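Below is one structure, written out as structure tokens; comments come after it.
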Amino acid sequence: MREIKGVQKTIIRPGNGVPLQLSHGSKVSFHYKTMKSDKDRTVIDDSRQMGEPFELLYGRQFKLDVWEQVIQDMTVNELSSFTCQRDLVRSYPLVSKSIRDHLKKKKNPDAEIVEGSRCCGSSAGFGYEDLDKLSVEGPDLIFEIELLKVEKHGEYKSEVWQMTPEEKLAALPDYRIEGNNMYQEGRYSEAADKYAVALGCIEQLLLKEKPGEPEYKELEIKKIPFLLNYSQCKLCLGEYYEAAEHLSTVLDIDPHNVKAYYRRGKANRKLWKMEEARKDFSKTIELDPTLQGAVNKELHIIDETEKEHHQKMKAKYQGKGMFA
């Protein structure tokens, strides 16, 4: 067993005894419990309580280097305790925040993430009171780790946050196919989620490019089919505001996109934005006259809807002098 400076290891339960064959990109899954090295061994985090093990991609410059170091000498099914000196674990509050935020968003995509305030040289402000306190105290920490399994790169399907830029780009066609299949089966919500993952990949890739450059524009164009498909799912789910918003994004990228005008027209009609809907349908015909029939049906629905609404209002206020 290698000696790691500043780390004291205690084996609680031996593993299978087979040395790990770790290579760049290997995924190591383990449960962990993080404790202060006080007399009460105060628990900070417990992955079992969080509901799922942690997955570390070996060799990808994880923010807490000591975890990569200690797992190297473990074997599958081993449970060991590692007492680490404070200099090795100063980044733990940031790592813990990232994990907590990720799980919070995973359980509830609409959950609010508190960014906190880390300015003026202060290390406090992680959005979690216990982590703010831990950052100020800077104690030695104890990690109780149970190693569950190791998978080589290529043996597992990476989540978006685990992917390299090249892997994100290569995954886009698969996300599109999977989303399209779900849509054809009427699984609109699942299809929308799949398209959203693809859009998330592209947004992350855009962060590495300079706006206006050819690479940036190329990625922007790649967003269009996913935005159109995502919006179509939202139309089917009756979520018209979100559909219209994303279709407007398409038109910001491609001002001549016929599908975006037509679908936004339908969304605006459902939102009772009749004049905006008429403008969208007018633009649709201007760009593609072959859609005249489909547009006429939509315009007829608008006319009938407005007529019915007018009649209802007239009947409601009949005799009150509000209608001639």
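Would you mind getting me the FRET efficiency between GLU286 and LEU103? Use the beta-carbon distance for r and R0 = 41 Å, nearest 0.05.
0.25
Which distance in nm do the two modelled labels at GLU218 and GLU112 give, with both placed 7 Å along the Cα-to-Cβ direction?
4.1
Using Cα centres only, tell me the gap between region 160-237 and region 2-65 in whole Å.
Value for the Cα centre distance between the two parts: 34 Å.
What's the extension gain from GLN72 to MET313 if we count 0.36 nm per residue and subtract their Cα-Cα distance? Write down the numbers at each step before the final one.
Values: separation 241, 0.36 × 241 = 86.76 nm, distance 7.47 nm.
Residue separation times 0.36 nm, minus the Cα-Cα distance, leaves 79.3 nm.
What is the gain in length, in nm to one decimal, between VAL160 and THR305 on full extension, counting 0.36 nm per residue of separation less the C-alpha to C-alpha distance?
Net length gain for the segment: 47.8 nm.
With angles folded into 0 to 90 degrees, how steeply does helix 240-253 sit against the dominant principal axis of the chain? Use alpha carbons for both and round to 10.
90
For the chain, find the longest principal axis of its Cα atoms and tell me its angle to the long axis of helix 274-287, 0 to 90°, nearest 10.
90
Protein chains only, probe 1.4 Å: how do ILE301, ILE142 rank by accessible area, largest first?
So the residues, ranked largest to smallest area, are ILE301, ILE142.
Tell me the angle of helix 92-107 to the major Cα principal axis of the chain, expressed in degrees between 0 and 90 and rounded to the nearest ten.
40
Beyond 26 Å between alpha-carbons counts as too far, so tell me which of LYS194/LYS273; LYS107/LYS210; LYS168/LYS210; LYS63/LYS208 fall in that bin.
Check vs 26 Å cut-off fails for LYS194/LYS273; LYS107/LYS210.
Return an integer: the convex hull volume of the alpha-carbon atoms of the chain, in Å³ per residue.
228
In nm, to one decimal, how far is the VAL136 label point from the SER189 one, both placed 7 Å along Cα→Cβ?
According to this spin-label approximation, the distance is 4.3 nm.
Once both labels are modelled 7 Å past Cα along the beta-carbon direction, what's the GLN85-LEU169 spacing in nm?
Once both label points are built, they end up 4.4 nm from each other.
Going by the alpha-carbon gyration tensor, a ≥ b ≥ c the square roots of its eigenvalues, is region 144-227 rounded (a/c under 1.5) or, if a/c is not under 1.5, prolate (a/b greater than b/c) versus oblate? Please list the in-between numbers first.
Working: a/c = 2.51, a/b = 1.23, b/c = 2.04.
It is oblate, given that a/c is not under 1.5 and a/b is not larger than b/c.
Can you tell me the length gained on complete extension of the stretch GLN8 to LYS208, counting 0.36 nm per residue apart and subtracting the Cα distance?
Net length gain for the segment: 68.0 nm.
The values are calculated or read from the model by the stated rules, or taken from the named source; none is laboratory data. A quick note: this is a predicted structure, and the numbers were derived from the prediction, not measured. Reconstructed Cβ throughout: ideal geometry from the backbone, glycine too, with neighbour counts over all protein chains shown. Side chains included, ligands, DNA and RNA excluded: accessible areas come from the protein's heavy atoms. Shrake-Rupley method; radii C 1.70, N 1.55, O 1.52, S 1.80 Å.
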